[in-house]
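Peer 1: Below is one structure. I have some questions about it.
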Amino acid sequence: MAAALTPVGADRLSQLTTGLAAVRQRIGAACRSSGRRPEEVTLVVVTKYFPVSDVRALHQLGVDHVGESRDQEAAGKAADCADLSLRWHFVGQLQTNKARSVARYVDVVHSVDRPALVTALDTAAERAGRRISCLVQVDLADGAAAGRGGVAPSGVAAVADVVAGSGSLRLGGVMAVAPLGADPARAFGRLAEVAASLRTDHPAASMVSAGMSGDLEAAIGAGATHVRVGSSVLGSRPPLRYRPNR
Ligand SMILES: *Cc1c(COP(=O)(O)O)cnc(C)c1O
């Protein structure tokens, strides 16, 4: 058995069990206080920088959706987990030249923010014979947080239309990261408005990806359908990036 497939030890399994239970409890409480059902919110556990053994343990603990932010790392883990029924979410900024690789394993890309990326993903998905859901990443800082990606709210419709008009992509909805220092409830409220406006033209685009370890309650309160949680489940990220064991 490859070293990458060595199972986690009992200590790590118990840490992951505890972290996951705490996050599920937070999601349940946030749903109760906003009158929503927990089934309306999908937990995507962001496993970036953590070893594939953690991903396999999380699957064993009932996690179906995992998120990654770098293609090289994600591609290696997806290959090592090909025997598991996991759904892979790409949540990081994506370069056009990585589209072909990502299309082989990813189910949802949360970070679609420009027509050139849509075109590259569509070509790649068609070549791979797969259908990929795309979320338009919204820059809620309106450009003030340069480098984090995303299109300004006024530009969402144009990118969404390109996704909707492509052959191998499905327009899933929108995604955002709350700007640093912003009130998350206000930021996610703005995202909810953008999502509602998108649904007037694309009624099936119902996904709203918002909320991380620090602000998932605010996101659920504002209608998030997908929360992307890393450190609250897995602990603080290791300083060294994951190196594929191959
Ligand atoms: C890393 C990451 C997350 C998870 O962040 P935590 O604070 O560890 O929960 C969520 N979304 C994106 C886009 C990320 O890059």
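Peer 1: Placing +1 at every Lys and Arg Cβ and -1 at every Asp and Glu Cβ, with all other atoms neutral, what dipole size does the range 66-159 have around its Cα centre, in debye to the nearest 20?
Peer 2: 200
Peer 1: Against the globular-protein guess of 2.2 N^0.38 Å, express the Cα radius of gyration of the chain as a ratio, rounded to two decimals.
Peer 2: Normalised Cα radius of gyration, the chain: 0.97.
Peer 1: I've got another one for you. Go through 79-87, 150-158 and give me the packing order, highest mean Cβ count within 10 Å leading.
Peer 2: So the peptides 79-87, 150-158, ranked by packing, come out 150-158, 79-87.
Peer 1: Determine one quarter of the surface area of the Cα convex hull of the range 185-237, which equals its mean projected area, and express it in nm² to one decimal. Mind dumping the intermediate values first?
Peer 2: Details: hull surface 15.2 nm².
So the mean shadow area of the Cα hull is 3.8 nm².
Peer 1: Next up: What is the distance, in nm, between label points placed 7 Å from the Cα along the Cα-to-Cβ direction at Ser154 and at Ser236?
Peer 2: Going from the Ser154 label point to the Ser236 one covers 4.1 nm.
Peer 1: Let me ask something else. What ratio of Cα Rg to 2.2 N^0.38 Å holds for the range 155-246?
Peer 2: Here the answer is 1.28, to two decimals.
Peer 1: Label-point separation (nm) for Ala79 and Ser197, each offset 7 Å from Cα along Cα-to-Cβ?
Peer 2: 4.3
Peer 1: Still on this model: With +1 assigned to the C-beta of every Lys and Arg and -1 to the C-beta of every Asp and Glu, and no other charges, what is the dipole magnitude of the range 72-120 about the Cα centre in debye, to the nearest 20?
Peer 2: Numbers: 6 positive and 5 negative charges, 36 e Å.
That gives the range 72-120 a dipole magnitude of about 180 debye.
Peer 1: Sticking with the crude label model, points 7 Å out along Cα→Cβ, report the distance from Ala10 to Gln72 in nm, one decimal please.
Peer 2: 3.7
Peer 1: Name the residue from Val159, Ile132, Ser101 whose Cα lies farthest towards the positive end of the charge dipole of the chain, charges +1 on Cβ of Lys and Arg and -1 on Cβ of Asp and Glu.
Peer 2: The Cα lying farthest towards the positive end belongs to Ser101.
Peer 1: Using a 10 Å cut-off around each Cβ, can you sort Leu191, Leu180, Leu20, Leu13 from fewest to most neighbouring Cβ atoms?
Peer 2: On the way: Leu191 25, Leu180 9, Leu20 21, Leu13 17.
The fewest-first ordering by Cβ neighbours comes to Leu180, Leu13, Leu20, Leu191.
Peer 1: So for the chain, averaging the separation of alpha carbon pairs under 8 Å that are six or more residues apart and normalising by length, what relative contact order in percent results?
Peer 2: 22
Peer 1: Over all directions, the average projected area of the alpha-carbon convex hull for the range 79-136 comes to how many nm²?
Peer 2: Result: a mean projected hull area of 3.8 nm².
Peer 1: Which value, in debye to the nearest 20, describes the size of the charge dipole of the range 30-102 about its Cα centre when Lys and Arg Cβ atoms bear +1, Asp and Glu Cβ atoms bear -1, and nothing else is charged?
Peer 2: Once rounded to the nearest 20, the dipole reads 220 debye.
A short reminder: the numbers here are calculations on the coordinates, not readings from a lab. In this text the structure is predicted, and so the values were computed from the model without any measurement. Here the Cβ is made from the backbone with ideal geometry for all residues, glycine too, and neighbour counts use every protein chain on show.
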